[in-house]
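One structure is given here, and the rest of the page talks about it.
No lab work stands behind these numbers, since they all come straight from the coordinates. Values in this document were obtained by computation on a predicted structure and should not be read as measured data. Cβ placement follows ideal geometry from the backbone for every residue including glycine, while neighbour counts extend to all protein chains displayed.
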Amino acid sequence: MCCLTDSSKITTDIDSLRSEIRDKSVRVIDVRRESDYKQDHISGAVNLPLATLLSDDSPERVLKLFNSMGIDDETSVVVYDDTFGALASRVAWTLEYIGHSDVSLLETTYGHWKSLGLENDSITPDIQNKTHSMNLQSDILATSEYLESAKSREDVILIDNRERLNFLEQHIPGAISLPYRTLSSSDKILRSKEDMKRLLDNRGITENSEIITYCGSVGTLSGLAYYALKSVGLTNAKLYVRSFKEWKNLQKPTEKQEDANYWDLSAE
């Protein structure tokens, strides 16, 4: 069971980040496209478009990327996007996977940050390289081989975080549906701890289980679910990074939801 990241630090609130930026005690990562970043971003943030990370997310290449962003083992990191945490969570999870213990998600989107009139500019900061160690956390990663052997165990819960209609059409056998859009509130990327716990309890997702999350292709939506689980103390979670796209390409078994009722078609 892995608990690298303290559940209280799953997200960083706006006031805390502003204070850390003033103290120069944080590395802020903007995962939006380069063109959006160059237009404006949170002051002091560095840019790591998700597509850049995903073009080669081998641990060795990822380590070089984070080194070039001035991140070592002790650096406090906050990641944000404009997609309600779905992209930022994939970058945060990758940092955690190589062994970084101090990484969190900004509790809101950049659009909301900017709408509040908070610190932003178009300056690209000058960053000095640092050296981060490699300490792979294999217990937060699920491969197709692992999933195939684990999904039939009674103590394993498999969660599909794609849109509900995608799940109904085709999903990995035994998976339950938890669309990523249900994880957020109106202005925050994750619901409150109490509200999130109720949502998960209603789906039978409990602390006695190992939980594996997946989405469509690259582990973005399911990355957000990974942090949603950790936000309520469910730390025995794994991300099936290659997700449903790989599962289908490997011609693994899938199933379709027959006779969907009204609830099946709703967000909740």
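Dividing the summed helix terms, -39500 (n - 2.57) for each DSSP H run of n ≥ 4, by the number of residues in the chain produces a 222 nm estimate of -9000 deg cm²/dmol to the nearest 500. Taking the Cα atoms of the range 167-268, the ratio Rg/Rh between the radius of gyration and the Kirkwood radius comes to 0.96.
Remark: the Cα gyration tensor places the range 10-75 in the oblate category, a/c being 1.5 or greater and a/b not exceeding b/c. Cβ crowding within 10 Å ranks 195, 160 as 195, 160, fewest other Cβ atoms first. From the cross-link list 9/197; 188/256; 24/197; 151/230, which pairs have alpha carbons spaced over 25 Å apart? Distance filter (> 25 Å) returns 188/256; 24/197.
Please list log₁₀ I(q)/I(0) at q = 0.11 Å⁻¹ for the range 1-129, using the Debye equation with identical point scatterers on the alpha-carbon positions. Relative scattering, expressed as log10 I(q)/I(0), comes to -0.33. Taking the number of Cβ atoms within 10 Å of each Cβ as an exposure proxy, the fewest-first ranking of 38, 188 is 38, 188. Ranked from largest, the principal axis spans of the Cα set of the chain equal 55, 37, 33 Å.
Mean sequence separation of contacting Cα pairs (under 8 Å, at least six apart), scaled by the length of the range 141-265, corresponds to a relative contact order of 33 percent. Only Cα pairs under 8 Å and 6+ residues apart enter the sum, and on that basis the relative contact order of the chain stands at 21 percent. Ranking of 182, 108 by neighbouring Cβ atoms within 10 Å, starting from the fewest: 182, 108. For residue 12, the residues 5 or more places off, or on other chains, whose built amide H falls under 5 Å of its own are 105, 106, 107. Eigen-decomposition of the gyration tensor built on the alpha-carbon atoms of the range 53-161 gives equivalent ellipsoid semi-axes of 29, 20, 11 angstrom, largest listed first.
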